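Here is the structure we will look at.
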Amino acid sequence: MTGRLKIVAVLLTAMTVQVTVFEEIRIDGVSVELLLLVSILAGFHGGPERGAVVAFCAGLLHDSITATPMGLHALVYAPLAVATSHLEVRLARSTRPFLAVGLAVAMAVGVCATMLAGGLFGLHDVDVARLARTALVASLMSVAVAVPTSRAVCWAVTGGLPVDVDVRDSGVESRG
């Protein structure tokens, strides 16, 4: 299976799970933001270029299943994936709990940015208390499903990547 086909499979699976399973599992009206999670993890595992492309596509898929203007989520997801990939380079030797907290923060930032972009385009009023509550609940719920999602995204976005040269250790290491 080619790398592009793997990415399409992961994105379509995430979209399907988002609109079927996670639509039914809600806490305080908030569900897992699986396509945002896939976007962040694509930036983390695939680097800035590949992460941005996957995140943009995930954002367009999210817009196609919700009642938002086309491109609103893509506007937020792609830069977030690039930012995550740049942070991943700087935090390469981090522990699992630290990465989990970082993922929760990235998810909260993504949810807040999406809601603020929606408010900017007049989709809804921005209520700071609701915004904070939604971001907290969505990020905690999404971190709960991050491990299997991370494995799937890593499988998809690192397939066929060339070996990276690590100049800090003067060695060669493969991604994945």
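The values are calculated or read from the model by the stated rules, or taken from the named source; none is laboratory data. The structure displayed is predicted, hence computed values, not measured ones. Every residue, glycine as well, gets a Cβ built from its backbone with ideal geometry; the counts of neighbours run over all protein chains shown. When the accessible area is computed, the model is the full protein with side chains, heavy atoms only, and any ligands, DNA or RNA have been set aside. Shrake-Rupley method; radii C 1.70, N 1.55, O 1.52, S 1.80 Å.
In this structure, is residue 126 of a type in the set (A, V, I, L, M) and outside any helix (DSSP H, G or I)? Considered against the rule, which asks whether it is of a type in the set (A, V, I, L, M) and outside any helix (DSSP H, G or I), residue 126 comes out as yes. Please indicate, with yes or no, whether at least one residue in the stretch 31-50 is more than 22 Å from residue 141 (Cα to Cα) and surrounded by fewer than 16 Cβ atoms within 10 Å (Cβ to Cβ). For the stretch 31-50, residues more than 22 Å from residue 141 (Cα to Cα) and surrounded by fewer than 16 Cβ atoms within 10 Å (Cβ to Cβ): present. When residues in the stretch 13-35 are screened for being in contact with a Leu (Cβ under 8 Å, 6 or more places away or on another chain) and either under 17 Å from residue 84 (Cβ atoms) or among the aliphatic types (A, V, I, L, M) (or both), 4 of them pass. Here residue 159 meets each of (1) in a helix (DSSP H, G or I); (2) open to solvent by less than 30 Å² (accessible area, probe 1.4 Å); (3) at pLDDT below 80 with one exception, condition (1).
When we screen 112, 57 for residues that are over 23 Å from residue 137 (Cα atoms) and either at pLDDT 90 or above or among the aromatic types (Phe, Trp, Tyr) (or both), the only hit is 57. Looking across 2, 16, one residue alone is under 18 Å from residue 146 (Cα atoms), open to solvent by 60 Å² or more (accessible area, probe 1.4 Å) and polar (S, T, N, Q). It is 16.
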